Amino acid sequence: MTEPIQIYVDADACPVKDEIYKVAYRLEVPVIIVSNSHFRVPQHPLVSRVVVSDAFDAADDYIADRASKNTVVITSDILLADRCVKAGSEVIASNGKPFTADSIGAAVATRAIMADLRAGMGTENIGGPPPFTKADRSKFLSSLDQALVRLKRRV
């Protein structure tokens, strides 16, 4: 029997939870919200919440341990994305950018370079990510829909 398709959300800083629910309800795909803290999630049979300990990387470890070719993982954490891509998951950042086997290596390298720059220059001299926009939200909806349709075709 084939594993069911599921969406795992690295939820503590995820700005697109409402969009995830919208697509999941339409396509009837279960969503697992994983976080280090309690917050409200919709009471819906397709939505469940897992609150992990506040240990470093506890949410990442929970998600990565369950990542497979039948999961979509929503995260902006590049190292978690790398682990999940290697496990065969479809991985999408909250701005709609997919992480793939072809792109994850460059993303990990860029992250390392930025960490080195921040360590050497201090965070006040390095800008953070650009502000989240309506276009990002729209791109995310499209990317999530496409990923789930691809997975449903495979199953």
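Values quoted throughout were computed directly from the atomic coordinates according to the rules given, and no laboratory measurement underlies them. What you see is a predicted model; the values in this text were computed from it and never measured. Glycine also receives a Cβ, built like all others from the backbone with ideal geometry; neighbour counts cover every protein chain displayed.
A few comments on the model shown:
- The convex hull defined by the C-alpha atoms of the stretch 5-84 has an orientation-averaged projected area of 4.9 nm².
- Stretching the chain fully between Ala135 and Ala58 yields a gain of 24.6 nm (0.36 nm per residue, less the alpha carbon separation).
- Separation of the Thr100 and Lys69 label points, Cα + 7 Å toward Cβ, nm: 1.8 nm
- Modelled label positions at Asp18 and Arg49, each set 7 Å beyond Cα in the direction of Cβ, lie 1.7 nm from each other.
- Taking 7 Å steps out from each Cα toward its Cβ at Arg150 and His38 produces label points 3.8 nm apart.
- Sequence-distant residues sharing a close amide H with Val73 (under 5 Å, placed H): Tyr8, Glu90, Val91, Ile92
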